[in-house]
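Input: a single structure, listed below in structure tokens.
The values are calculated or read from the model by the stated rules, or taken from the named source; none is laboratory data. Note that this is a predicted model, so its numbers are computed, not measured. When we count neighbours, we look across all protein chains shown, and the Cβ atoms used for this are built from the backbone with ideal geometry, even at glycine. These area figures cover heavy atoms from the full protein model, side chains too; ligands, DNA and RNA do not enter into them. Shrake-Rupley method; radii C 1.70, N 1.55, O 1.52, S 1.80 Å.
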Amino acid sequence: RTVTTGNPMVEPFRAKTFDLGLEWYFGDGGLVSFGAFYKDIDSYIQTSRESRPFNTSGLPASLLLPEWGVTPEDEFVFQQPLNTPGGDLTGFELAYQQPFTFLDGFWSDFGVQLNYTYVDSEIQYLSSSGAPSATGPMVGLSKNAWNATVYYDNDRFSARVSAAYRDEYMNNVPGREGTDMEGTAATTTVDASLAYNISENLSVSLEALNLTDEWSDLWMDSARNMPIAYTHTGRQYLLGFRYKF
């Protein structure tokens, strides 16, 4: 019971942006970087969501197929993109990567890659009628996020372990059923991979995804944290072979 429509009157994203980046390259492939950014968003596109009877939409009742078991008086969720006045977005990012070539023997084939991002945003959101309804962070953006990777590579054998974290983030503002917002809970995932070159032509690989067995937790209403969906994909293991002719 969802009706999604377009909006030919939507303006594109518009913003005045300022960025600063500093990078220091050192050693054999080493890097330390810092970036700061500010965005004054003048025009932002949100998806409005409203629950109301189908017969108030102006759409013909013939669109409702008999096998659906619904009537024009039943409530549907109507979704449509529209422009908002936007808001501010600020943040910074840090990154560090280095192969340990300065170490001796076995340890010289190791390396590390690290990054961290902080983003703070405040967007003015509108109701489906176009009236200001709420302010909140930009949808899809986590305030804190980081990634860390440790790897080993000696040209014949390689291994990698990566961890990734992101704070909770908003999916819709305002949310369904009259709630203030909808979001996704914070997640921490760990992935790993192994690869071995048997010969110049043949290699074998093994990948493991979501070793932490993380669930996806979608909620609505920032005060009550009411569940929308709690889904589980489980761990994934992929074995691969590659042959080059």
Residue list for the range 107-129, restricted to those being out of contact with any strand residue (DSSP E or B) (no Cβ under 7 Å at 6 or more places or on another chain) and modelled with pLDDT under 90 = SER129
Only one of SER133, SER129 is more than 30 Å from SER199 (Cβ to Cβ), without any contact (Cβ under 8 Å) to a residue 12 or more places away in the chain and polar (S, T, N, Q), namely SER129
Could you run through the range 210-245 and say how many residues are more than 17 Å from the chain's Cα centre (by Cα), more than 30 Å from ALA134 (Cα to Cα) and either surrounded by 15 or more Cβ atoms within 10 Å (Cβ to Cβ) or aliphatic (A, V, I, L, M) (or both)?
-> 3
Exactly one of PHE157, PHE110, PHE106, PHE92 is over 30 Å from GLU214 (Cβ atoms) and of a type in the set (Phe, Trp, Tyr), and that one is PHE106
Test ASN7 against the criterion of being modelled with pLDDT of 85 or more, more than 22 Å from GLY140 (Cβ to Cβ), open to solvent by 40 Å² or more (accessible area, probe 1.4 Å) and of a type in the set (S, T, N, Q), and give yes or no.
-> no
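So that you can scan it fast, the table gives a plain yes or no per residue for (1) within 14 Å of the chain's Cα centre (by Cα); (2) over 23 Å from PHE78 (Cβ atoms):
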{"site": "PHE110", "(1), (2)": "no, yes"}
{"site": "LEU114", "(1), (2)": "no, yes"}
{"site": "THR117", "(1), (2)": "yes, yes"}
{"site": "ILE123", "(1), (2)": "no, no"}
{"site": "SER127", "(1), (2)": "no, no"}
{"site": "ALA131", "(1), (2)": "no, no"}
{"site": "GLY140", "(1), (2)": "yes, no"}
Candidates ALA159, ALA145, filtered to the one that is under 12 Å from the mean Cα position of the chain (by Cα) and assigned to a strand (DSSP E or B) | ALA145
For the range 22-39, does any single residue satisfy the condition of being at pLDDT 90 or above and either touching a Lys or Arg at 6+ places or on another chain (Cβ under 8 Å) or within 18 Å of ASN172 (Cα to Cα) (or both)?
-> yes
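If I ask for residues that are open to solvent by 100 Å² or more (accessible area, probe 1.4 Å) and in contact (Cβ under 8 Å) with a residue 12 or more places away in the chain, which ones from the range 23-33 would you list?
Listed by number, the list holds a single entry, ASP28.
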